[in-house]
Amino acid sequence: MDTQIKTAQYKEVYVWETPVRFYHWINAISILILSVTGYLIGNPPAITQAVEASYSYWFGIVRFIHFATAYVFFFNFLMRIYWGFVGNQYARWTNFIPFKKAQWKEVVDVLRVDIVQLQEKPLVKLGHNALASITYFLTFIAFVLMSLTGFGIYSAMSDSWFPQQFTWFVHLLGGDLPARQLHHILMWFFIVFAIIHIYLTIYHDYVERHGVLSSMIGGWKFAKDEDKKADQDSDTIENAEEKTI
Amino acid sequence: MSRKKPTVYDEIRAQGYSRRDFLKFCGMMGAFLGLEASGITQMVKALETKPRLPLIWLHGQECTCCSESFIRSSHPIVADILLNKVSLDYTETLMAAAGHQAEAARQATMEKYKGEYLLLVEGSVPTKDDGVYCVIGGKTFENIVNEAAEGAKAVIAWGNCASSGCVQAANPNPTSATPIHKIVKGKPVINVQGCPPIAEVMAGVVVHLLTFDRLPQLDKHGRPKAFYSRRIHDTCYRRPNYDAGLFVESFDDDNARKGYCLYKMGCRGPVTYNSCGVIKWNNGVSFPIQSGHPCIGCSEANFWDNGPFYSHLPSFPGFGIEKNADDIGLALGAITATGIAAHAVATNIRKRRLIQSGRMKDKKQNSNT
Ligand code: HEM
Ligand code: SF4
């Protein structure tokens, strides 16, 4: 018989805490909405036959959805930064910034194993691997730039005090047009990121059997005992305790 | 000499304008400046009691469209009195004197009214190669500006050239054209932006300085808020078409005839701060958008480099003029997809091997037991 039945001892590890999972999905949905509405704002479709302007407001509504979602996106992001300080070892902000040599070494390993596939043995990492962490760090920078440019250009359209706090950034860039240009370019960063991100999570699930795909829903990953140990040894945080909620 | 210096009002009357004309002028200026009724009274009083403000108007690297705009102001008092006949002590293009006489007049004004006169600069300052690209009467423009700024009460930078360098500062800026606020140190500089600025805006700024003796509120780019706090887009009469998503697709289509929004034709209204939609041009007759042309954003820094004018997105830096962010983004997306396809193939080969080696192990285990 060709069917393979193997028994291995797997442990559940609670990796992504509830706030992290909520953050992830709220972020994903809001970026999707922001990209779709943003794209429409930048490239509105041609309508050649229509009622007069008095009876229609669809472009205004698209913009409204963009701005409303922008607030959700922004405060959700702030929440995640906060959680980077109080969350568990996998959520810590220190994971995301490559301070240590070991992190850079891991980046090379990840490139060898997962990307160019020179090495066969899969790496075991329960949180983000170092390359992923750096990529997320870049997205965080993009989030910041997106918020600065977005609220900066929004300040011209709103009387509320909040967007007015961002006008300095538009000034720094030299005006609304460069700010808008940067805002538009960064959308493509998110699109490219999303393609790679979705593909790679599927890839990891496909070859590694830790349950990465479902982990962002339930929070658990599955690991053999020795995997778990290896992971904790290489962790950037000393004496990291596992927190559960 | 005990004789009182004639006030602005005296000079206006001497030119043959009635008091009624004068009050109308004040009312108009007050409205443009957004003053309340008491502010207009203050203005009337100021013009009645204060002597005229001495002005020195310098021309550097420019095309004189700012002067042209000013003398076409909708109210005769602006051009006739404030500029031509009364106030201007020195301006190359409009004064009768020429050559040494003119230079002498400038020197005389600078000495006589030290600390009192207003310096108005039209044009940018080339700083490259010791400033040889703009020399007037044997002096570089940089020197002239600095000298004149020294005794000035305040400096007004007319237009985009003086405020941000305009076309001569466009990439690659061969003469290092520099705006006035980067040349003059230690004096307040008001940037009256636009290529050219609207005449009423120019007059409004001068009248404000004369009336209140202090700078108008400025935005972060040094532009008077009274005229530059709102975008063209916020005051544009085509805005309902924008909100309804009704856009001109090409200059000769039916939508253009219907007067739909020019956003997709590259209109810079959404990113440009100016009063064109309110005050308009040529005595309030029209403004670019009203005549069917998108705004090119002439009151913003670097507007020449943010082209092409007729597309919504500027070209992407470093990729030639017809490539914008969307072209680059799409190309990147395609490259990513290709990479992923290759990777997926490699992964499947690897996974197959993994499964097969699993089978081998299983077989071995089976034979062992
Ligand atoms: C991932 C997040 C975001 C994406 C992908 C995105 C995308 C876009 C795009 C493509 C445009 C069109 C730009 C153009 O061509 O002119 C746009 C416009 C705009 N976005 Fe965003 N955006 C995001 C976040 C934000 C945030 C956080 C704000 C904050 C308020 C914001 C505010 C704006 C504003 C004000 C405009 C101009 C709308 C108009 O003029 O009507 N965006 N966005
Ligand atoms: S024509 Fe230009 S300024 Fe007017 S609504 Fe359209 S985009 Fe805005």
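The values are calculated or read from the model by the stated rules, or taken from the named source; none is laboratory data. If you're wondering where the values come from, they're calculated on a predicted model, not measured in any experiment. Methodologically, a virtual Cβ is constructed for each residue, glycine included, from the backbone with ideal geometry; neighbour enumeration extends over all protein chains shown.
Worth pointing out:
- Failed criterion for B:V271 (all others in (1) more than 12 Å from ligand 2 (Cβ to nearest atom); (2) buried (at least 20 other Cβ atoms within 10 Å of the Cβ) hold): (1)
- Every condition in (1) closer than 24 Å to A:A142 by Cα; (2) without any contact (Cβ under 8 Å) to a residue 24 or more places away in the chain is met by A:S56 except one, and the failing one is (1).
- Take the conditions (1) under 30 Å from A:D114 (Cβ atoms); (2) near ligand 1 (Cβ under 9 Å from one of its atoms); A:F166 misses just one of them, which is (1).
- Against the conditions (1) surrounded by fewer than 24 Cβ atoms within 10 Å (Cβ to Cβ); (2) at pLDDT 95 or above, B:A157 satisfies every one except (1).
- Residue check for A:W16: crowded, with 17+ Cβ neighbours inside 10 Å and more than 14 Å from every other protein chain (Cβ to nearest Cβ): yes
- Inter-residue pairs, beta-carbon under 6 Å, first within 11 Å of chain A (Cβ to nearest Cβ) and in the stretch B:224-252, second charged (D, E, K, R) and not in a loop (DSSP other than H, G, I, E, B), 6+ apart: B:F247/B:K264
Residue-by-condition table, conditions (1) more than 8 Å from ligand 1 (Cβ to nearest atom); (2) within 30 Å of A:E17 (Cβ to Cβ); (3) more than 7 Å from chain B (Cβ to nearest Cβ); (4) not in a helix (DSSP H, G or I):
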residue: A:F151; (1), (2), (3), (4): no, yes, yes, no
residue: A:S158; (1), (2), (3), (4): yes, no, yes, yes
residue: A:F162; (1), (2), (3), (4): yes, yes, yes, no
residue: A:A179; (1), (2), (3), (4): yes, no, yes, no
residue: A:V192; (1), (2), (3), (4): yes, yes, no, no
residue: A:I198; (1), (2), (3), (4): yes, yes, yes, no
residue: A:I202; (1), (2), (3), (4): yes, yes, yes, no
residue: A:H210; (1), (2), (3), (4): yes, yes, yes, yes
residue: A:S214; (1), (2), (3), (4): yes, yes, yes, no
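- Flag if B:K258 is within 20 Å of the chain's Cα centre (by Cα), basic (K, R) and more than 16 Å from ligand 1 (Cβ to nearest atom): no
- From the options A:I41, A:I31, A:I65, A:I26, residue that is within 16 Å of ligand 2 (Cβ to nearest atom) and either crowded, with 18+ Cβ neighbours inside 10 Å or not charged (D, E, K, R) (or both): A:I41
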